[in-house]
2 protein chains.
Amino acid sequence: MAKVVSISDVAKDAGVSVATVSYVINNTKQVKPETREKVESSIRHLGFRPNMIARSFKTGKKNLVAFVVPDIANNFFSTLIESIEQVLASQNVKLMILNTKETKERELDLINVVANGVVDGFIVASTVENYKELKPVLPSNLPFVFIDRQIEKCPYDSITVNCYNALCEGVEYLISKGHKKIGYITGLSRISTTKERLKAYEDTMKAHGLYNPSLVMVGDSMRHCVDEHLQNILDMGCTAIAISNNIMGAEAMIQMNRRGLIPGKDIELLGFLDGEELQYGFHNIDLVCQPTAELGIVAGKRMLERLENPDMSASNIVLQAKFEPYKG
Amino acid sequence: MAKVVSISDVAKDAGVSVATVSYVINNTKQVKPETREKVESSIRHLGFRPNMIARSFKTGKKNLVAFVVPDIANNFFSTLIESIEQVLASQNVKLMILNTKETKERELDLINVVANGVVDGFIVASTVENYKELKPVLPSNLPFVFIDRQIEKCPYDSITVNCYNALCEGVEYLISKGHKKIGYITGLSRISTTKERLKAYEDTMKAHGLYNPSLVMVGDSMRHCVDEHLQNILDMGCTAIAISNNIMGAEAMIQMNRRGLIPGKDIELLGFLDGEELQYGFHNIDLVCQPTAELGIVAGKRMLERLENPDMSASNIVLQAKFEPYKG
DNA sequence: TTGAAAGCGCTAACAT
DNA sequence: ATGTTAGCGCTTTCAA
């Protein structure tokens, strides 16, 4: 366990003051070239690396943003992670990922732990339903950007995707192809995207006099619940099924495959295209396509702006999904 | 942007010294109950949260470990993340995830950025081939635990899974069922797991006089490469195909599905079961099963031990995968 | 062009 | 049981 070398070790070695060393490593003042050389040589020679914690402590800047994410195993969110990382990297800001597993307690706990002093700001895809629950843990001095899911009465920036129109169009499409019994699997009830999408399904079905509440299965936004719901829907004799998110859609594909059913032939599937994953394989289902990468990019940019200027007023940006039927 | 309250604000408000406040928030000395109460009331009242950076700066302890991971979208790694998180949580240590996307430069850069002062240690699933490349960025004063992939000549702890025997058994099994032309898709060549698995395939095929180098497709451990390789293997008339990791296996399933081919019927598939994902759906392929969660647990524990006692000598732990044929 | 020194918020040794 | 204070490594103001 070698001793860790500090700025004063470098100063001593180079025969200058710590201030001078600081000037050269930060390029923050003019330094005589030969002095700079001496210092840089000592740095290399001693293997000095500035202690980031000390630096953050002093400057209050960490160049670190936390992304609070419900499920890193969901391709939608991993795509989001990558696009956010990319934007932040342009300003040399790193992304710290905190995985809540769709659990309120974990979300609140993780935010709480990291809130004071560790990061410069938060991007949050919250699993919490409304602002009341969240408020106690939100540090008032840090920027927050909410992404993907809208929190009721939340006075911060948000970037979301509206899927209502696209999903209505999708259900219309199924109906126009003659489907009458169309099953639906929802996500976690408390989440805004789940509500919006369910409403799209319900409104469209009702408009055509086809709505039947027993065709709606209440899922959990994760894959586990799908198999059972799928079975119920099949048992009820549905000829088509719409599914409230990507991961459940992917699971439905798998489970249909296991039963020897071919999507788009034996039963028509309307799902969500969220991440790269689905682009590659799933060409035989109708899709609601979210601009996932763009969502991350917009959120990342917003965070960068807010870091620059914390006093901007909050804004809510809504991107639009679009419907793309399978061209079989 | 409200003012952030510090320990001295609390001290002032409660009419005690900063030391006393520190004692109550850390439970590090006896404090008279009524004093404690006063302090706790001030803390609640002012909304004080200890500045973690300042604390880390002072104590040198961050309770934060970095996990350097090649691809968070790969279920194998997200399972690993969850099991590591779980173990670390028992000591109140948090996990920071750094995503390299199988890119050496990103890996070296990210380690470098976080090396000094941000974390207490690193768990690394490295995409780098050998220790020489890695060495310049490794801070000598921090613990490292290498996981999943073995780095040549690396003098640190490692926890890996040996799949050689299980994959040999799997290929034997295919051969015993009468398959003679068995295609193979490899992972990224530089990675230890890729090498080990390829060797298992080659050794077994050779032992039966069935080896033919043109049946081997060089992949990249990600899904993108699979479709083309799969086509080649089908064109060559293979009746079975073995695939070097989970994500490429999943992609092969999807692409077969797209072609209307049923795994285990039209062509036999030998893949890897790594994460939860595959447990749910893929019941019609033969599988090499890695103890993924256990891998994470062992690595997490090792890190915790090392944090406790940095001077332990390095150890290399190897877990064993096992082969499980599809029982159709 | 360089240096001296204050101070960021906290912990913990030492004093009371 | 509580308070006083040094000091963690760094940046930055001010002086030289």
Looking only at segment B:12-52, and only at residues there that are surrounded by 19 or more Cβ atoms within 10 Å (Cβ to Cβ) and small (Gly, Ala, Ser), the one that is nearest to the other protein chains (Cβ to nearest Cβ): B:SER42
Any hit, segment B:25-38, residues being within 28 Å of A:VAL93 (Cβ to Cβ) and either touching a residue at least 40 places away in the same chain (Cβ under 8 Å) or more than 9 Å from DNA strand C (Cβ to nearest atom) (or both): no
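Confirm whether B:ILE147 is modelled with pLDDT of 95 or more and assigned to a strand (DSSP E or B). Please lay out each step first, then the result.
On the way: modelled with pLDDT of 95 or more: yes; assigned to a strand (DSSP E or B): yes.
Yes; evaluated as a whole, the condition is true for this residue.
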Matching entry among B:ILE97, B:ILE53, B:ILE43 (being within 16 Å of DNA strand D (Cβ to nearest atom) and more than 19 Å from A:ARG55 (Cα to Cα)): B:ILE43
B:ALA66 being within 9 Å of DNA strand D (Cβ to nearest atom) and crowded, with 20+ Cβ neighbours inside 10 Å: no
Residue within segment A:30-43 that is assigned to a loop (DSSP other than H, G, I, E, B) and of a type outside the set (A, V, I, L, M) present: yes
Unmet requirement for A:ASP109, which otherwise passes all of (1) modelled with pLDDT under 90; (2) within 23 Å of A:ASN63 (Cβ to Cβ): (2)
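Conditions tested, residue by residue: (1) touching a strand residue (DSSP E or B) at 6+ places or on another chain (Cβ under 9 Å); (2) buried (at least 19 other Cβ atoms within 10 Å of the Cβ); (3) part of a loop (DSSP other than H, G, I, E, B); (4) within 12 Å of chain B (Cβ to nearest Cβ).
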| position | (1), (2), (3), (4) |
| --- | --- |
| A:VAL87 | no, yes, no, no |
| A:ASN92 | no, no, yes, yes |
| A:VAL118 | yes, yes, yes, yes |
| A:ILE123 | yes, yes, no, no |
| A:SER126 | yes, yes, yes, no |
| A:GLU133 | no, no, no, no |
| A:LEU142 | yes, yes, yes, yes |
Scope segment B:59-76; condition assigned to a helix (DSSP H, G or I) and facing chain A (nearest Cβ under 9 Å); matching residues: B:ASN75
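Of all residues in segment A:101-116, how many are part of a loop (DSSP other than H, G, I, E, B), within 11 Å of another protein chain (Cβ to nearest Cβ) and under 17 Å from the mean Cα position of the chain (by Cα)? Don't jump to the end; show me each part of the working.
Of all residues in segment A:101-116, those part of a loop (DSSP other than H, G, I, E, B) come to A:101-103, A:116.
Within this subset, residues satisfying the condition of being within 11 Å of another protein chain (Cβ to nearest Cβ) are A:101, A:116.
Of the ones still in play, those that are also under 17 Å from the mean Cα position of the chain (by Cα) are A:101.
Looking only at that region, the number is 1.
Can you pull out every residue in segment B:187-207 that is polar (S, T, N, Q), in a helix (DSSP H, G or I) and farther than 10 Å from B:CYS168 by Cβ?
Taking segment B:187-207 first, the residues polar (S, T, N, Q) are B:189, B:192-194, B:204.
Subset that is in a helix (DSSP H, G or I): B:192-194, B:204.
Listed by number, the residues that qualify are B:SER192, B:THR193, B:THR194.
Given the structure, is A:GLU152 within 15 Å of B:LYS94 (Cβ to Cβ) and more than 10 Å from chain B (Cβ to nearest Cβ)?
Working: within 15 Å of B:LYS94 (Cβ to Cβ): no; more than 10 Å from chain B (Cβ to nearest Cβ): yes.
Spelling it out, it is not the case that A:GLU152 is within 15 Å of B:LYS94 (Cβ to Cβ) and more than 10 Å from chain B (Cβ to nearest Cβ).
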Residues located in segment A:11-24, provided they are near DNA strand D (Cβ under 6 Å from one of its atoms) and touching a residue at least 12 places away in the same chain (Cβ under 8 Å): A:SER22
So A:ILE175, is it in contact with a His (Cβ under 7 Å, 6 or more places away or on another chain) and either modelled with pLDDT of 95 or more or not acidic (Asp, Glu) (or both): yes
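Report yes if A:PRO50 is more than 16 Å from DNA strand C (Cβ to nearest atom) and not aromatic (Phe, Trp, Tyr), otherwise no.
No; evaluated as a whole, the condition is false for this residue.
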Filter pass, A:SER6 being away from every other protein chain (no Cβ under 14 Å), near DNA strand D (Cβ under 10 Å from one of its atoms), within 26 Å of B:GLY60 (Cβ to Cβ) and within 42 Å of the chain's Cα centre (by Cα): no
B:ARG302 being within 14 Å of chain A (Cβ to nearest Cβ) and of a type outside the set (Gly, Ala, Ser): no
Condition check for B:LEU261: modelled with pLDDT under 95 and either surrounded by fewer than 21 Cβ atoms within 10 Å (Cβ to Cβ) or in a loop (DSSP other than H, G, I, E, B) (or both): yes
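The values are calculated or read from the model by the stated rules, or taken from the named source; none is laboratory data. Not measured: the values here are computed from a predicted model. When we count neighbours, we look across all protein chains shown, and the Cβ atoms used for this are built from the backbone with ideal geometry, even at glycine.
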